[in-house]
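The values are calculated or read from the model by the stated rules, or taken from the named source; none is laboratory data. On a predicted model such as this, the values are computed, not experimentally measured, just so you know. Virtual Cβ from ideal backbone geometry, glycine too; neighbours counted across all protein chains shown.
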Amino acid sequence: MTRQALLLFIDGLGLGADDPAVNPVVAAHTPCLDALLGRKLAGLTARFEHDGALVVPTDATLGVGGLPQSATGQTALLTGLNAPQVVGRHITAYPTKTLRGLLTDHNLFSRVKALGGTVALANAYTDEYFARVEAGEMRHAAITFSALAAGIPLRGVEDLQQGRAVFHDLTNARPRSWGYDVPAITPHQAGKNLAGIAAGCHLTVFEFFLTDLSAHHRIDQPPAAVVTMVDALLAGVLETTDLSTMLVMLTSDHGNIEDGRVDTHTRNPIPTLLVGHGRRDVGERITALTDITPALVGWLAEAIARG
């Protein structure tokens, strides 16, 4: 494969002020991002390139009033369609029937598969997750729903044991606390495992949402500590990835964690960080959330078509 993409979806990460007093992204220990950018991931209002990395401030408001939300933001990201405009507002949390219809017909996983590409969702799911969904106690969020709609098998505990999946806490602490026999790892090792998964596919997606939960004060991990985990994950990915063929893209659905003065989402642009092969080709096609899937699909299509 001459072109591959690893999409790191980091929920609730915006571009905020370059001020550690108000922005946990700036206050956090982020040696990987600091080295990549020569600065903090903050205070950017225009495209910024440094030493092989490109950051594109990306609009998440999509011309709709109110605060951007997860269900519509993720649907826009995954389909290239202006989901909040379609439904007339930003919708939080889980996709509605209308949004599920958009995701079923237009999602990123299906579009890459239709080209003949290989696709993976790298997250691990436990038996408890499936039981709660079956019991109606929870619903699939947009990324999980899209993978299932595209016929992508979800990875389980056995994959986690073998390093063929990554749990959303990056360390396996949560499944270990539930009694699962899985190894305790660091976020850095999680990144290395993720790079290994991505090496075998045209497109690999990983979803991380502790950033959003921390910013909403729904977990006891402080925002700066969670941002440090993301940085270590990215370091593990980049240290293990062949960037001559792989595009590593980190992006989000809306702002949140970058403003410690509020516990709501923000209207800040999100950072789309691109590192490796094709970063400029893909980056030049992106200005808003709705551009991400078309940009990735178009770039991958050229290589998949050549076989």
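Some points to look at:
- When Arg89, Arg100 are screened for being basic (Lys, Arg) and either closer than 17 Å to Ile143 by Cα or in contact with a strand residue (DSSP E or B) (Cβ under 8 Å, 6 or more places away or on another chain) (or both), only Arg100 passes.
- Residues of the range 199-229 satisfying the condition of being among the β-branched types (Val, Ile, Thr) and closer than 18 Å to Leu121 by Cα: Thr204, Val205
- Of all residues in the range 105-130, those that are assigned to a helix (DSSP H, G or I) and not basic (Lys, Arg) total 11.
- Of the criteria (1) within 30 Å of Thr186 (Cβ to Cβ); (2) surrounded by fewer than 24 Cβ atoms within 10 Å (Cβ to Cβ), which one Leu247 fails: (2)
- Within the range 16-46, the residues that satisfy the criterion of being within 23 Å of Asp169 (Cα to Cα) and part of a loop (DSSP other than H, G, I, E, B) are Asn23, Ala28, His29, Thr30, Leu41.
- Some residue of the range 179-194 being out of contact with any strand residue (DSSP E or B) (no Cβ under 8 Å at 6 or more places or on another chain), of a type in the set (Asp, Glu) and either closer than 30 Å to His90 by Cα or modelled with pLDDT of 95 or more (or both): yes
- Scanning the range 246-263 for residues that are among the β-branched types (Val, Ile, Thr) and modelled with pLDDT of 95 or more, we see that the one that is nearest to the chain's Cα centre (by Cα) is Thr251.
- Filter pass, Ala76 being closer than 30 Å to Gly163 by Cβ, within 15 Å of the chain's Cα centre (by Cα) and not in a loop (DSSP other than H, G, I, E, B): no
- The number of residues in the range 159-178 being of a type in the set (Val, Ile, Thr) and touching a strand residue (DSSP E or B) at 6+ places or on another chain (Cβ under 8 Å) comes to 1.
- Taken residue by residue, the range 272-281 has at least one member that is buried (at least 17 other Cβ atoms within 10 Å of the Cβ) and either touching a Cys at 6+ places or on another chain (Cβ under 6 Å) or in a loop (DSSP other than H, G, I, E, B) (or both).
- The single condition from (1) at positive phi; (2) surrounded by fewer than 19 Cβ atoms within 10 Å (Cβ to Cβ); (3) touching a helix residue (DSSP H, G or I) at 6+ places or on another chain (Cβ under 9 Å) that Thr104 fails is (1).
- When each of Val230, Val205, Val226, Val166 is tested for being among the hydrophobic types (A, V, I, L, M, F, W, C) and more than 14 Å from the chain's Cα centre (by Cα), the lone residue that passes is Val226.
- Pair list, Cβ under 7 Å, 6 or more apart: the range 129-147 residue under 15 Å from Thr104 (Cβ atoms) and at pLDDT 90 or above, other residue part of a helix (DSSP H, G or I) and small (Gly, Ala, Ser): Ala142/Ala71
- When the range 59-89 is filtered for residues that are in contact with a Pro (Cβ under 8 Å, 6 or more places away or on another chain), crowded, with 23+ Cβ neighbours inside 10 Å and β-branched (Val, Ile, Thr), the ones remaining, listed by number, are Thr72, Thr75.
- Cβ-Cβ contacts under 7 Å between residues 6 or more apart (or on different chains), taken from a first residue in the range 278-294 that is touching a residue at least 24 places away in the same chain (Cβ under 8 Å) and more than 10 Å from Leu54 (Cβ to Cβ) to a second residue that is polar (S, T, N, Q) and assigned to a helix (DSSP H, G or I), are listed as Thr293/Thr79.
- Matching residues, the range 131-147, being surrounded by 17 or more Cβ atoms within 10 Å (Cβ to Cβ) and not in a loop (DSSP other than H, G, I, E, B): Ala142, Ile143, Thr144, Phe145, Ser146, Ala147
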